[in-house]
Each structure stands twice: as C-alpha cells, then as structure tokens.
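Okay, handing you the structure first.
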Amino acid sequence: MNTALAYKRSQNQQKGISTYQQNQIMNLSATELILKLYDLAIVAIKQGNVRKANLVITELIASLNFEYKEVALGFFKLYRYCQDQLYKGNLKEPLKIMEDLRATWARAFNLT
C-alpha cells in the first residue's frame with residue numbers, strides 16, 4: 001500500500017512540474033520562445049540526441065516568417081544545413097551554428 005501511495009505522489013509531483021513547465025513556456029514572448037528553442041537544440045546536440053535536435057530545428061524552420069523572404073530563406077538554408085550535418089553524424093558544426101545564433105538572438109533582443 002505504501003508503494004502505491006508513493007507512486008501516486010510521484011506521479012502528481014511529475015504532473016506539477018510538467019504543468020509548471022507548460023505554464024512557463026506558454027508565458028514566453030515570441031523572441032523568448034525562439035531563444036528557448038535554440039537552448040533545446042544546443043542541449044540535444046551536446047547529448048548526441050540527433051532526433052530531438054532535428055525536431056527542435058524543424059520547429060525553428062516552422063517559425064520562419066516568409067513575408068521577409070530573403071532573411072527567412074537564409075535561415076531556412078542554415079537550419080537545413082544543420083539538419084543535414086546532424087544526419088551525417090557531424091555534431092560539432094551544428095552545435096557551433098546553434099550557439100552562435102543563440103548568442104546573436106539574445107544580444108539582439110537583450111535577453112542575455
């Protein structure tokens with residue numbers, strides 16, 4: 001019986017953390033959300049989690065605003081290059097690109 005109670009308590013704690021994290025993300029501005037995506041990509045690449053890094057980069061691609069075609073296309077090509085490199089097993093170059101983009105984004109919007 002104690003094991004079942006401990007398990008239920010553990011599940012509730014995990015739900016609380018999950019709800020907190022969801023609320024935290026939902027309250028981010030668009031610029032803060034992009035910064036968070038860069039953070040997630042960097043962590044995934046450092047952990048060697050190509051699948052997760054690819055998913056995050058796919059979200060970055062989805063966030064591009066093609067009303068600004070030239071800029072968006074440049075980012076699109078850069079993101080696709082990172083994905084291609086990840087698939088080839090080259091983690092070093094995409095990591096450097098994501099770190100540089102993250103730092104630039106943070107400086108541009110004073111989010112450091």
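The values are calculated or read from the model by the stated rules, or taken from the named source; none is laboratory data. Small disclaimer: the values here were computed from a predicted structure and weren't measured. Don't worry about glycine lacking a Cβ; one is built from the backbone with ideal geometry, like all the others, and counts go over all protein chains shown.
Could you grab the pairs with beta carbons closer than 9 Å, sequence gap of 6+ or different chains, first residue in the range 53-79 and small (Gly, Ala, Ser), second one exposed (fewer than 12 other Cβ atoms within 10 Å of the Cβ)?
The qualifying pairs are 53/47; 63/30; 72/65; 72/66.
Then there is this: Any idea how many residues of the range 40-52 are touching a residue at least 12 places away in the same chain (Cβ under 8 Å) and under 14 Å from residue 86 (Cα atoms)?
Pass one, the range 40-52, residues touching a residue at least 12 places away in the same chain (Cβ under 8 Å): 40-42, 44-46, 48, 50, 52.
Cutting the leftovers down to under 14 Å from residue 86 (Cα atoms) gives us 41-42, 44-46, 48, 50, 52.
Going through the range 40-52 one residue at a time, the tally reaches 8.
Results for (1) modelled with pLDDT under 70; (2) over 27 Å from residue 88 (Cβ atoms); (3) surrounded by 10 or more Cβ atoms within 10 Å (Cβ to Cβ), shown as yes or no for each residue.
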residue	(1), (2), (3)
15	yes, yes, yes
25	yes, yes, yes
43	no, no, yes
61	no, no, yes
68	no, yes, yes
73	no, no, yes
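Let me ask something else. Out of the range 46-83, which residues are more than 10 Å from the chain's Cα centre (by Cα) and among the hydrophobic types (A, V, I, L, M, F, W, C)?
So in the range 46-83, the residues more than 10 Å from the chain's Cα centre (by Cα) come out as 46-51, 61-83.
Answer for the range 46-83, where residues must be more than 10 Å from the chain's Cα centre (by Cα) and among the hydrophobic types (A, V, I, L, M, F, W, C): 50, 61, 62, 64, 66, 71, 72, 73, 75, 76, 78, 82.
Okay, next question. Would you confirm whether or not the range 98-111 contains a residue that is without any contact (Cβ under 8 Å) to a residue 40 or more places away in the chain, within 18 Å of residue 39 (Cα to Cα) and crowded, with 16+ Cβ neighbours inside 10 Å? I'd like the intermediate steps shown before the answer.
The initial filter retains those residues of the range 98-111 that are without any contact (Cβ under 8 Å) to a residue 40 or more places away in the chain, namely 100, 103-104, 107-108, 110.
Keeping just the survivors that are within 18 Å of residue 39 (Cα to Cα) gives 100, 103-104, 107-108, 110.
Applying the additional criterion that residues be crowded, with 16+ Cβ neighbours inside 10 Å yields none.
No, because not a single residue in the range 98-111 is without any contact (Cβ under 8 Å) to a residue 40 or more places away in the chain, within 18 Å of residue 39 (Cα to Cα) and crowded, with 16+ Cβ neighbours inside 10 Å.
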